[in-house]
1. When the residues of region A:185-195 are narrowed to those that are within 20 Å of A:Ser23 (Cα to Cα) and over 25 Å from the mean Cα position of the chain (by Cα), which ends up surrounded by the most Cβ atoms within 10 Å (Cβ to Cβ)?
2. Where in region B:160-242 are the helices (runs of 4 or more DSSP H), entirely inside, with at least 1 residues that are of a type in the set (Val, Ile, Thr)?
3. So, B:Lys201, is that one within 14 Å of chain A (Cβ to nearest Cβ), out of contact with any Asp or Glu (no Cβ under 9 Å at 6 or more places or on another chain) and surrounded by fewer than 17 Cβ atoms within 10 Å (Cβ to Cβ) or not?
4. Working carefully through the options A:Ala162, A:Ala130, A:Ala110, find the one that is within 10 Å of chain B (Cβ to nearest Cβ) and either buried (at least 20 other Cβ atoms within 10 Å of the Cβ) or touching a helix residue (DSSP H, G or I) at 6+ places or on another chain (Cβ under 9 Å) (or both).
5. Is there a residue being more than 14 Å from chain A (Cβ to nearest Cβ), over 19 Å from the mean Cα position of the chain (by Cα), farther than 26 Å from B:Val180 by Cα and within 12 Å of ligand 1 (Cβ to nearest atom) anywhere in region B:18-32?
6. Can you spot a residue in region A:87-104 that is within 14 Å of chain B (Cβ to nearest Cβ) and not in a helix (DSSP H, G or I)?
7. Among the numbered criteria (1) more than 16 Å from ligand 1 (Cβ to nearest atom); (2) among the hydroxyl-bearing types (Ser, Thr, Tyr); (3) within 13 Å of chain A (Cβ to nearest Cβ), which one does B:Thr59 miss?
8. Restricting region B:35-56 to residues that are among the hydroxyl-bearing types (Ser, Thr, Tyr) and more than 14 Å from chain A (Cβ to nearest Cβ), which is surrounded by the fewest Cβ atoms within 10 Å (Cβ to Cβ)?
Amino acid sequence: MYDFDWSSIPGALPFLWDGMKISLEITVTAVIFGIVWGTLLAMLRLSPVKPLAWFAAGYVNLFRSIPLVMVLLWFFLIVPQLLRSFFNLDPNTDVRLTSAMIGFALFESAYYSEIIRAGIQSVPKGQVAAASALGMSYSQAMRLVVLPQAFRNMVPLLLTQAIVLFQDTSLVYMSALADFFGAAYKVGDRDGRLVELLLFAGVVYFLICFAASQLVRRYQKKLNAHVAH
Amino acid sequence: MISIDNVSKHYGSFQVLTDCTTQVKKGEVIVVCGPSGSGKSTLIKCVNGLEPFQAGAITVDGISVGDPKTNLSKLRSRVGMVFQHFELFPHMSITDNLSIAQEKVLGRSKDEARAKGLKLLERVGLKAHAEKFPGQLSGGQQQRVAIARALCMDPICMLFDEPTSALDPEMINEVLDVMVELAQEGMTMMCVTHEMGFARKVANRVIFMDKGLIVEDDSKDAFFGAPRSERARQFLAKILQH
Ligand SMILES: Nc1ncnc2c1ncn2[C@@H]1O[C@H](COP(=O)(O)OP(=O)(O)OP(=O)(O)O)[C@@H](O)[C@H]1O
Ligand SMILES: [Mg+2]
């Protein structure tokens, strides 16, 4: 029988907490940027101007066809150099976190844009007609009438995607960035207690994601009740 | 006020409107009827440019709808439109539904828009519901709000596309009453409707469409007295049976 020894965890909690902050930071920036850029992509894709629609479709299909690990790897290899030369940074400045944020944001926006496009299309066509008939421009109709309804319907899907993203942030460990998973790994490796630390990390990920998806389900129920009204 | 000249429209090879010509003078009420798929909605949507057309010309208050140089949004803000399915904005309160376009399109202040909205809400008998959301109102009430929303823009004319056909029978009259009152006050109106009671009461002329053509365009008395075409006679006999 394997002898579990959890004693290295309490002392490592502050370090693990710092890791969790990095995981959350990446998640939050990628969600915010992903939704903003994803909304733009969705609107471009639905635009009657063909080249714009093609660009958006190409972007989305490209990122959805490449494994996230590869996108991140490319970002860790290329973006740090770019950032350094572009902003004239000291070669020792740590840009791994920024690179990770940019990589996730660009990748996730492809997924968000598909969710948002479906959301926009779920708003009945008559709503745009009514807004136009009142004299609103296309962008006013989008901003004031279509997007608010689309987002209300999409919130559960957007949050579910954010939960997946939070789990995926653990992939940054390969750049030796100490996110929550990376931190747990480092501590386990140092103390020779990898099994315990990885079990602990797994339980924490599970608790956070499970609680978050329960919240999403509660919201979804409320939303359905509201729509049925 | 509205002039439609030889307007034709097709979707690919399917002809929806063929050489439609008619006029609506200031203060006139025109009822448009005809079988399903005859192009009534399409014609009325061409009037405020919600549907483009390929041939002919439409002018509203002297402004050409088909001219690419026309500011369509500005023109639309002066033409009220009421839809079959109300199309209130479900994520906004009734008050916001009434004021949003006043503020964002006409540039009225929030207070001014609100006051105007309440005045028109009172006129359609729904002042007590100002703070509710569309989903909390009955169909008839929603359609009355939709009429008030259009009137908030001080339109020069109003277009109605089957405003009562999605309503339960007991709610039809509350909407028709508002429309009759509007007609009697001298509003220029073009109404797609099969409510012949409404047509008899307030219409100046009745247009009958079939397969994209304006088959009859006659005074109300001539139309109900003796329709010229066999199709219109059959159509009238059918809907008057109900
Ligand atoms: N986007 C479209 N593409 C192709 N055909 C269309 C389109 N929109 C409408 N049509 C066709 O044009 C014809 C006229 O439609 P329209 O909605 O104007 O009829 P309508 O007289 O209003 O009928 P209803 O009483 O059912 O509302 C119909 O045969 C319809 O199928
Ligand atoms: Mg129709």
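No lab work stands behind these numbers, since they all come straight from the coordinates. As the structure is a computational prediction, the values presented were derived from the model and not from experiment. Virtual Cβ from ideal backbone geometry, glycine too; neighbours counted across all protein chains shown.
1. A:Val187
2. Output list reads B:169-184, B:196-202, B:230-241.
3. no
4. A:Ala130
5. Checking region B:18-32: at least one residue is more than 14 Å from chain A (Cβ to nearest Cβ), over 19 Å from the mean Cα position of the chain (by Cα), farther than 26 Å from B:Val180 by Cα and within 12 Å of ligand 1 (Cβ to nearest atom).
6. no
7. Answer for B:Thr59: the failing condition is (3).
8. The qualifying residue surrounded by the fewest Cβ atoms within 10 Å (Cβ to Cβ) is B:Ser36.
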